[in-house]
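Q: Here it is, the structure, as structure tokens.
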Amino acid sequence: MYQDHVSKSGGPAPARPKAAPVPLARGREFLSIPGPTNVPDVVLQAMHRPAVDIYADELLATTGHCLETLKAVFRTEGSTYIYIANGHGAWEAALTNTLSRGDHVLVLESGRFARGWGDQGEFLGLTIEVLPGDWRKAVDPAAVEARLKADTLHTIKAILVVQIDTASGVVNDIPAIRAAIDAAGHPALFMVDGIASVGCMEYEMDRWAIDVSVTCSQKGLMMTPGLSFVAASPKAKAAHRTAGLRTAYWDWSARDLPENYRKFCGTAPEHMLFGLEASLGLLFEEGLERVWARHLGLASAVQAAVAVWAEGGALEFNVLAPAERSPAVTTILTPGFDPQRLRDFTRHNAGVVLGSGIGDLTGRAFRIAHMGYANAPMVLGTLGATEVALKTLGIPIGDGGVQAALTALQRHFGTPA
Ligand SMILES: *Cc1c(COP(=O)(O)O)cnc(C)c1O
């Protein structure tokens, strides 16, 4: 319910009866959606320049630097590739470079995104099997182990999973899933979508024996949408040699050739590379481990607030177990109200853009991102605006969500790194 701003006890009469309250939205818009995320000014500035010769030294150096730095981002000695594409392009690159029509692929469900990747595989002619999961839980490594043990002939060629499912807000335990694959003694390629997690939480491609990693520019990597990245292990490169789905545009072999032109299958996305170089610079200037710790600190504030709001009964965490709630995005179910009312309110009145529920949660949830270029006041601003909106709309919530977020931040600052 929107409240009239005129006091009942005889304040000044409104110019027009029932005029809408004045929005407090002017100022920098707070984009609190899980991608695209906030792009730092230095990244935008790095892109604001004339085009350069694609054959000249500067661009060659930038390309090489980005490809090398991406290895450090994925924590791999494997090969890295940059695609002029969004995350869906990277998915297709991963599949077409390593698999052949009819290959059997196991998709580990934990929300929307692994399923989406599998749907793409089906389109390509792969045989997709979904290991059913629950949108409110992480993938169960024991179920993975049991399924792989049953595949005694090793017909499964690849396993697809996301580290953070941006729709459900769940974080999967990638090293535990790796251990399950090893316990089953299964040789399938292990492919991980780190689109909402790389640059937000620990990701260890080589240590976790991941064969293909995918991520993209507009989430943890703080760049504009339009670039995506794939890293391949030696085992993935070996599978590539006989893969039947290879196409010219995505092909790793062509992109491994020395000419810079080949690395993009055509003209390089120059400005985006300059922006990427700047955003990766920010990541390593802060230090990857500290970036991960920052995300945990911000997530603790958001999740403390949501836990208190949930006491009112109108909303709840989508992910049931606290340990399975991701450090990059929190998905909140709204059994007591239409989440679009909340999103409209925060956007219109406070300049805060909350994420909507997607996939199975369309119309039943909203999401708060704490991903990428985000700091404490940005998260507190989003939480404050959300709490005001929930209260103003008359939605029953527990009192003191923002206070709980402040307490969580105090706890964060009270804990040495
Ligand atoms: C955003 C996202 C995608 C899709 O990326 P696009 O750039 O929109 O194609 C895939 N997987 C995850 C986990 C994501 O968060």
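Q: Starting at the first residue of segment 303-316, write each ³J(HN,Hα) from the Karplus equation 6.51 cos²θ - 1.76 cosθ + 1.60 with θ = phi - 60°, in whole Hz, x for Gly and Pro.
A: Running phi through 6.51 cos²θ - 1.76 cosθ + 1.60 with θ = phi - 60° gives 6, 5, 5, 4, 4, 6, 4, 4, 4, x, x, 8, 9, 7 Hz.
Q: Just want to confirm a number: the relative contact order over the chain, from Cα pairs under 8 angstrom separated by 6+ residues, in percent. Can you show the working numbers first?
A: On the way: 854 pairs, mean separation 95.0, N = 417.
For the chain, the relative contact order is 23 percent.
Q: Just order 182-189, 361-368 by mean Cβ neighbour count inside 10 Å, highest at the front, would you? Spell out each step's value before the answer.
A: Details: 182-189: 16.5, 361-368: 19.9.
Ranking the peptides 182-189, 361-368 by packing returns 361-368, 182-189.
Q: When the distances between all Cα atoms of the chain are binned every 10 Å from zero, what whole-number percent does each bin get?
A: Result returned by the calculation: 5, 21, 29, 24, 14, 5, 2, 1, 0.
Q: Pick out, from Leu189, Ala238, Met205, the residue whose Cα sits farthest towards the positive end of the charge dipole of segment 165-240, with +1 on the Cβ of Lys and Arg and -1 on the Cβ of Asp and Glu.
A: Farthest towards the positive pole: Ala238.
Q: Another question about this same structure. Which residue fluctuates most in the GNM of the chain (Cα springs below 10 Å): Ala248, Ala158, Ala293?
A: Its mean-square fluctuation being the largest, the pick is Ala248.
Q: Test of understanding: what is the full-extension gain from Ile54 to Leu24, defined as 0.36 nm times their sequence separation minus their Cα-Cα distance?
A: Details: separation 30, 0.36 × 30 = 10.80 nm, distance 4.59 nm.
Using 0.36 nm per residue and subtracting the Cα-Cα distance, I get 6.2 nm.
Q: What percent of all Cα-Cα pairs in segment 228-303 falls into each 5 Å bin, going from 0 up to the bin containing the maximum distance?
A: Calculated P(r), rounded to whole percents: 3, 12, 14, 16, 14, 13, 12, 9, 6, 1.
Q: Let me ask you something else. Using a Gaussian network model of the chain whose springs link C-alpha atoms within less than 10 Å, name the residue from Val352, Val42, Val162 with the highest mean-square fluctuation.
A: For the chain, modelled as a Gaussian network with Cα springs under 10 Å, the answer is Val42.
Q: Could you state the principal axis extents of the C-alpha atoms in segment 41-284, from the largest down, to the nearest angstrom?
A: 57, 36, 29
Q: Would you be so kind as to identify which of Tyr55, Ala305, Met222 lies farthest towards the positive end of the dipole of the chain, taking Lys and Arg as +1 and Asp and Glu as -1 on Cβ and the Cα centre as origin?
A: Ala305
Q: Can you compute the FRET efficiency between Thr362 and Val130 using 1/(1 + (r/R0)^6), with r the Cβ-Cβ distance and R0 = 30 Å? Round to the nearest 0.05. Before the final figure, lay out each step's value.
A: Working: r = 20 Å, r/R0 = 0.66.
E(calc), rounded to 0.05, equals 0.90.
Q: Gain in length, Asp399 to Leu44, computed as 0.36 nm per residue apart minus the alpha-carbon separation, to one decimal in nm? Before the final figure, lay out each step's value.
A: Details: separation 355, 0.36 × 355 = 127.80 nm, distance 3.94 nm.
Contour length minus Cα-Cα distance gives 123.9 nm.
Q: Going by a ≥ b ≥ c, the root eigenvalues of the Cα gyration tensor, does segment 87-128 fall in the rounded group (a/c under 1.5), the prolate group (a/b larger than b/c) or the oblate group? Write out the running numbers ahead of the final one.
A: Values: a/c = 2.06, a/b = 1.25, b/c = 1.64.
Because a/c hits 1.5 or more and a/b fails to exceed b/c, segment 87-128 counts as oblate.
Q: Also: Which of Ile82, Ile54 has the fewest other C-beta atoms within 10 Å, and how do the rest follow up to the most? Walk me through the intermediate numbers first.
A: On the way: Ile82 23, Ile54 15.
With the sparsest Cβ surroundings first, the list reads Ile54, Ile82.
Q: I would also like to ask the following. Pick from Ala314, Ala405, Ala369: which is most flexible by mean-square fluctuation in a GNM of the chain where alpha carbon atoms under 10 Å apart are linked?
A: Ala314
Every number in this text was worked out from the coordinates using simple rules, so none of it is lab data. Predicted, not measured: the structure shown is a model, and the values here were computed from it. Cβ sites come from the backbone with ideal geometry, for glycine too, and all protein chains shown count toward neighbours.
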